[in-house]
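Presented below is the structure to which this report refers.
The values are calculated or read from the model by the stated rules, or taken from the named source; none is laboratory data. Predicted, not measured: the structure shown is a model, and the values here were computed from it. Heads up, the Cβs are rebuilt from the backbone with ideal geometry, glycines too, and the neighbour counts pull from every protein chain shown. All accessible areas refer to the heavy atoms of the entire protein, side chains included, with ligands and DNA or RNA removed. Shrake-Rupley method; radii C 1.70, N 1.55, O 1.52, S 1.80 Å.
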Amino acid sequence: MKTLTAITVILVLGVNCALARGTKICFEAESAEKIEVPMVLVSNEVGNVSGAVISIPEKAGNPPERCEGAAVYTIDIPKKGAYTLWCRVWWNGECSNSFTARFNDKPPILFGEDATYKVWHWVKYPVSRTSAPIALEAGKTTFKIENREDGIMVDQIILSADKRFVPVEIEKTGVFN
Ligand SMILES: [Ca+2]
Ligand SMILES: [Ca+2]
């Protein structure tokens, strides 16, 4: 019986090793390969930001009147895993505190809607640990930030397979395992 338990433990550990456990990918929002108006790159944003930011300026328009305005990224996911999406954002107010996030052909994610305004802060999805994280395969993933509300800015983006990780202020960019 003990032998059987030991074998089971080895098998479980073996399976888990193939998955991302502590992988983190951090990149700049302004590194998008495509930025579509009214989303714009702002390189002269003053204050506590890393390099430049992307922005949908206040009154630029949002759905349903204006549906365009996206930033598109290709992310190389090093390991298959369950990821949390973190974004370092600036919200102007309650009508300016969200965007739509999209991975490949998965259903769109409503990102944000928290009540921290006019200060740079990190927001995550899923909000709760009990919600399903984002299941991503290893390899190239298309990620999009789409216009949902104007009056928003995004500085940095992190995908983390480590559920305990919490970003603080500006984070170092790169891929960490
Ligand atoms: Ca809102
Ligand atoms: Ca940035």
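So, of the residues in segment 61-74 that are among the aliphatic types (A, V, I, L, M) and crowded, with 18+ Cβ neighbours inside 10 Å, which turns out to be nearest to ligand 2 (Cβ to nearest atom)? Going through the qualifying residues, I end up with ALA71. Looking at VAL119, VAL154, VAL89, VAL166, just one residue is at pLDDT 95 or above, in contact with a Lys or Arg (Cβ under 9 Å, 6 or more places away or on another chain) and closer than 21 Å to ALA52 by Cβ, and that residue is VAL154. Being without any contact (Cβ under 8 Å) to a residue 60 or more places away in the chain and within 23 Å of LEU41 (Cβ to Cβ) is a property that holds for SER96.
Checking each residue in segment 140-177 for being open to solvent by 40 Å² or more (accessible area, probe 1.4 Å), part of a loop (DSSP other than H, G, I, E, B) and in contact with an Asp or Glu (Cβ under 8 Å, 6 or more places away or on another chain) picks out ILE170, THR173.
The residues of segment 90-122 that are among the hydrophobic types (A, V, I, L, M, F, W, C), in a strand (DSSP E or B) and either more than 30 Å from GLU137 (Cβ to Cβ) or within 16 Å of ligand 2 (Cβ to nearest atom) (or both), listed by number, are TRP90, TRP91, PHE99, TRP122.
Per-residue answers, yes or no, for (1) within 15 Å of ASN147 (Cα to Cα); (2) modelled with pLDDT under 95; (3) out of contact with any Ser or Thr (no Cβ under 6 Å at 6 or more places or on another chain):
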site	(1), (2), (3)
ALA52	no, no, no
GLU68	yes, no, yes
LEU85	no, no, yes
GLY93	no, no, yes
PHE99	yes, no, yes
SER128	no, yes, yes
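Across segment 80-119, the number of residues qualifying as open to solvent by 80 Å² or more (accessible area, probe 1.4 Å), more than 16 Å from ligand 1 (Cβ to nearest atom) and charged (D, E, K, R) comes to 2. Taken over segment 123-139, the criterion of being open to solvent by less than 40 Å² (accessible area, probe 1.4 Å) and away from ligand 2 (no atom under 16 Å from the Cβ) is satisfied by PRO126, ILE134, LEU136, GLY139.
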